[in-house]
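Let me begin by presenting the structure, written as structure tokens, before commenting on it.
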Amino acid sequence: MSQSLPPQFYFQNIGNVTIMDAQNNMLLNNGNPLPLIANTNPIYVYTSFSTSVNPVNIYKDSTYSISETSFTQSTFFYNGYAAVYIDYNRDGVFDPLSEMVTGGVVNTPLQSMSGSFTVPSNAQFGLTGMRVVYEVFGTASSMNPCGSYTQGETEDYLVNIQLPPCNTPPNAGTAIISDTVTCPGYTVFLIDTTHDVLYQNLTHNWQFSTDGINYSDVPGATLDTLTFTVNSNTWFRFRSTCNGGSMGIRTL
């Protein structure tokens, strides 16, 4: 939804918002701010792109660059301020302090603010809101994700917070066994809680061997712990697999 006001009252607006990842892949490039001066594009108070623009996938503990560029319908550009907020805890409220991810002055000649942010490890998974606020004559102290201003614009987007993809062999951690010497028919307890978990498409499973060379999966043993009844010499290992391919293995 877009809400407009007459140009004579509202003549500077957000023209473009971009997000790029650390490899300079463009994840969001919404709007065209050109020409920066004497632009004839419509002027809006608020615009929601939550349904018309695809959600941007962002990963925990990953860093992104973001920019906001403004245009004016006039032949003169007044300095302002832009700030970006992400609802990391997905409670439906943009916290003006803990969820302002970046901000900066928007002035001539570029009429743009550029910043960066890192998704915190305690961010909640899933779809959540991102808000870009641009205020003409604004300052760092005047910005508020839910405030009011005489000139500027607010735009809403969706981001999808996820675990980062698994691209390298994972760390299988350190496995521990309750007994290294036991009798046939006795039960041993194994645990591995130090393996990688903060990646997408990771799978884990325990394996056993009776010769220390050829290993087989323990059926259904995909948790961090394993209880196993030993009837002969037995070797164990914990296997972490990335995307069904590269592996990390910890052998006992």
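Laid out as a table, the results:
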quantity	calculated
Residue among VAL53, VAL105, VAL93 that is loosely packed, with under 15 Cβ neighbours inside 10 Å, assigned to a loop (DSSP other than H, G, I, E, B) and of a type in the set (A, V, I, L, M)	VAL93
Residue in the range 65-81 that is within 26 Å of GLN23 (Cβ to Cβ), in contact (Cβ under 8 Å) with a residue 40 or more places away in the chain, in contact with a strand residue (DSSP E or B) (Cβ under 7 Å, 6 or more places away or on another chain) and part of a loop (DSSP other than H, G, I, E, B) present	no
Flag if PHE208 is over 27 Å from the mean Cα position of the chain (by Cα), modelled with pLDDT of 90 or more, not assigned by TED's automatic domain parsing to the domain that holds ASP95 and not hydroxyl-bearing (Ser, Thr, Tyr)	yes
Positions within the range 211-240 being aliphatic (A, V, I, L, M) and under 36 Å from the mean Cα position of the chain (by Cα), in sequence order	VAL218, ALA221, LEU223, LEU226
Filter result for THR194 (over 30 Å from THR47 (Cβ atoms), surrounded by 12 or more Cβ atoms within 10 Å (Cβ to Cβ) and without any contact (Cβ under 8 Å) to a residue 24 or more places away in the chain)	yes
Residue list for the range 63-73, filter: among the β-branched types (Val, Ile, Thr), at pLDDT 95 or above and surrounded by 13 or more Cβ atoms within 10 Å (Cβ to Cβ)	ILE66, THR69
Conditions (1) surrounded by fewer than 19 Cβ atoms within 10 Å (Cβ to Cβ); (2) touching a residue at least 24 places away in the same chain (Cβ under 8 Å): number failed by MET113	(1)
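Table: residues versus (1) free of Cβ contacts under 8 Å to residues at least 40 places away in the same chain; (2) part of a loop (DSSP other than H, G, I, E, B); (3) surrounded by fewer than 17 Cβ atoms within 10 Å (Cβ to Cβ).
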{"position": "ILE19", "(1), (2), (3)": "no, no, no"}
{"position": "LEU28", "(1), (2), (3)": "no, no, no"}
{"position": "ASN32", "(1), (2), (3)": "yes, yes, yes"}
{"position": "ILE37", "(1), (2), (3)": "no, yes, yes"}
{"position": "THR40", "(1), (2), (3)": "yes, yes, yes"}
{"position": "ASP61", "(1), (2), (3)": "no, yes, yes"}
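Conditions tested, residue by residue: (1) of a type in the set (Asp, Glu); (2) closer than 30 Å to GLY15 by Cβ.
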site	(1), (2)
GLN162	no, yes
THR168	no, no
THR174	no, no
ASP179	yes, no
SER209	no, no
VAL218	no, no
SER232	no, no
PHE238	no, no
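The values are calculated or read from the model by the stated rules, or taken from the named source; none is laboratory data. Note that the structure is a prediction, hence the values are computed from the model and not measured. Reconstructed Cβ throughout: ideal geometry from the backbone, glycine too, with neighbour counts over all protein chains shown.
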